[in-house]
1. Among Ser100, Ser39, Ser28, which is the only one that is surrounded by fewer than 13 Cβ atoms within 10 Å (Cβ to Cβ) and farther than 22 Å from Ser124 by Cβ?
2. Mind counting the residues in the stretch 111-129 that are in contact (Cβ under 8 Å) with a residue 12 or more places away in the chain and not polar (S, T, N, Q)?
3. So Arg82 ticks every box in (1) within 14 Å of the chain's Cα centre (by Cα); (2) under 20 Å from Pro21 (Cβ atoms) but one. Which box is left unticked?
4. Would you point out which residue out of Leu72, Leu17, Leu77, Leu90 is more than 27 Å from Ala139 (Cα to Cα) and either modelled with pLDDT of 90 or more or surrounded by fewer than 16 Cβ atoms within 10 Å (Cβ to Cβ) (or both)?
5. What number goes with the only condition from (1) more than 18 Å from Glu8 (Cα to Cα); (2) surrounded by 15 or more Cβ atoms within 10 Å (Cβ to Cβ); (3) not hydrophobic (A, V, I, L, M, F, W, C) that Gly95 does not pass?
6. Go through the stretch 85-138 and count every residue that is over 25 Å from the mean Cα position of the chain (by Cα) and of a type in the set (Val, Ile, Thr).
7. How many residues does the stretch 121-140 contain that are farther than 19 Å from Phe54 by Cβ and surrounded by 11 or more Cβ atoms within 10 Å (Cβ to Cβ)?
8. For the stretch 1-104, which helices (runs of 4 or more DSSP H) that fit wholly inside it have 3 or more residues that are on the phi > 0 side of the Ramachandran plot and among the hydroxyl-bearing types (Ser, Thr, Tyr)?
Amino acid sequence: MIYSKTGEYAIRAILYLARYPKDKLAMSSEIAKVEDIPSHYLAKILQRMAKYGFVDSFKGRGGGFRITQLALDSSILEIVERIEGPVITLTCITGLKECSDENPCPLHEEWNELRDKIYNLISSKTVGEVAQEYDEMLAKNEEMIAHHKN
């Protein structure tokens, strides 16, 4: 993937929360179990997300996390970059210091095209849109499985 485990876990957690019932709070341990994320690691990520306003955090008995409208309206790229910093580097894919538009390495043009496609992919839809499409995909899969059982 193009980002670290922290970024991956942040995406998985925020999409989980985006699909979670809006009137309920999700416990960090529940998200960690369902998404197969180390719970102590996820707790730190969720706290960071709360700091940036992507989730609301409620402490104590009956506490948990709930996604905010800010997160639902943000792109995957915005979430990840806030949590871990820039994910798509502008540096040469081969690591050559002298690579530039004026002095390109052999992979320069292809990397620029791929980098732009990745950037556009993870910045073009909001978390809410991705979560909705994911729900629709899962529902379609369940429908197909039920249809094949009959």
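The values are calculated or read from the model by the stated rules, or taken from the named source; none is laboratory data. Quantities reported herein were computed from a predicted structural model and do not represent experimental measurements. We place every Cβ from the backbone using ideal geometry, glycine too, and count neighbours over all the protein chains shown.
1. Result of the check over Ser100, Ser39, Ser28: Ser100.
2. Residues meeting the conditions: 8.
3. Result: Arg82 fails condition (2) only.
4. Leu90
5. Just one mismatch for Gly95, condition (2).
6. Result for the stretch 85-138: 1.
7. 4
8. Passing ranges: none, list empty.
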